[in-house]
Amino acid sequence: MTPDVTAFFDNATNTISFVVKDPAGASCAIIDSVLDFDYSSGRTDTKSADEIIAHVEKHNLKVEWILESHVHADHLSAAPYLQEKIGGKIGIGKNITIVQDTFGKVFNEGTEFQRDGSQFDKLFEEGDSFMIGQLRGDVLHTPGHTPACMTYVIGDAAFVGDTLFMPDFGTARCDFPGGSSETLYQSIQKILALPDETRIFVGHDYKAPGRDEYAWETTVGEQKANNVHVGDGADKDSFVKMRDSRDATLAMPKLIIPSLQVNMRAGQMPEADEEGDVFLKVPVNKL
């Protein structure tokens, strides 16, 4: 089946969120939503999520799933806000528990922070499937960028999160805790083993040099032929060398500190204090 895919581009974080609809009905899934966050003031806003809600309501859609491709380090998830407004079960990869354990220590969360993934409604693992109305989705575990990265193959479309970018931009960084360029290479080969005509939807775009427009849809065949990092049969050793040296030059994402604290909680803020105020921590010399 060929799902109907509507994209929502967030200029502040270069994130693309997707509404994926069963072409034979009104059921849909939302993938990688964004909660707007102004770091300088500490204020959140729901403008990006409200655009998705407006789309769902305009077309009388039924939200079955709110899916996360991984624990994002560059934007906050709006999953709980969307769930409250329009329903749906929140899902992520089972290895969220590894991310929670790692960053629970980084942020000194203490024993009250649950590291078992229980903040999410569903923890997916390799080989799992799910339904969006009559539309089947299959789950590939594609770690490397993070341990919990998943690719959702829904009909003829694959939603790869940060694992792959557009062919002219390449692949995801692997230098976060739990990341691995070798593992990423293997995960990408799993994606490239899908049929060539499979549509690939990427989670970010930054416009490669020489390209004027943002883009987020490509195909497996185009990635195999033209991806600047893994296309044309690039071997693992050369990829690992390139990826590791490139990652060594990259700064941390601007929103990594608030994003990780919120996203490892399925988009929930840390628990408020006795006066109802919410605080995010800034670990010093930890990242």
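Rank Val139, Met242, Gln119 by how far each Cα sits towards the positive end of the charge dipole of region 4-251 (+1 on Lys, Arg Cβ; -1 on Asp, Glu Cβ) and give me just the farthest.
Of Val139, Met242, Gln119, it is Gln119.
Straight-line reach from Lys122: which lysines have Cα under 20 Å away, leaving out those fewer than 8 places along the same chain?
Counting by Cα, and skipping residues close in sequence, Lys122 has these lysines nearby: Lys21, Lys62, Lys85, Lys89, Lys94.
Taking the Cα centre of region 4-251 as origin and charging only Cβ (+1 Lys, Arg; -1 Asp, Glu), how large is the dipole, in debye to the nearest 20?
160
How about region 17-58: which chymotrypsin sites (Phe, Trp or Tyr not before Pro) there lie in a loop by DSSP and see at most 16 other Cβ atoms within 10 Å?
Counting only loop positions with at most 16 other Cβ atoms within 10 Å, the chymotrypsin sites (Phe, Trp or Tyr not before Pro) in region 17-58 are Tyr39.
Which residue, Met131, Met242, Met150, has the most motion in a Gaussian network model of the chain that connects Cα atoms within less than 10 Å?
Fluctuation is largest for Met242.
Tell me which lysines have Cα within less than 25 Å of Lys236's Cα, excluding those fewer than 8 residues away on the same chain?
Lys190, Lys224
Per 0.36 nm of contour for each residue apart, how much would the distance between Glu112 and Met269 grow if the chain were fully extended, relative to their Cα-Cα spacing?
So the extension gain works out to 55.1 nm.
Using only Cα atoms, what is the ratio of the radius of gyration of the chain to 2.2 N^0.38 Å?
Its radius of gyration relative to the 2.2 N^0.38 Å reference: 0.96.
Got a sec to turn the phi values of region 159-171 into Karplus ³J(HN,Hα) couplings, 6.51 cos²θ - 1.76 cosθ + 1.60 with θ = phi - 60°, whole Hz, x for Gly and Pro?
9, 9, x, 9, 5, 10, 10, 4, x, 7, 10, x, 9
Using amide H atoms built 1.01 Å from N in the peptide plane, name the residues 5+ places from Lys89, or on other chains, whose amide H lies under 5 Å from its own.
Close amide H contacts, sequence-distant or interchain: Trp65, Ile66.
Expected output is a single nm value to one decimal: the length gained when fully extending between Asp50 and Lys105, i.e. 0.36 nm times separation in residues minus the C-alpha distance. What is it?
Computed gain between Asp50 and Lys105 is 16.5 nm.
Which values of log₁₀ I(q)/I(0), to two decimal places, follow from the Debye formula for region 134-180 at q = 0.17, 0.33 Å⁻¹ with a uniform point scatterer at every Cα?
Values, matching the q order: -0.52, -1.14.
Below 22 Å, Cα to Cα, which lysines can Lys286 reach? Residues fewer than 8 away in the same chain don't count.
Answer for Lys286, where 22 Å is the Cα cut-off: Lys105, Lys254, listed by chain and number.
Since every read-out is calculated from the coordinates, none of them should be taken as a lab result. If you're wondering where the values come from, they're calculated on a predicted model, not measured in any experiment. Heads up, the Cβs are rebuilt from the backbone with ideal geometry, glycines too, and the neighbour counts pull from every protein chain shown.
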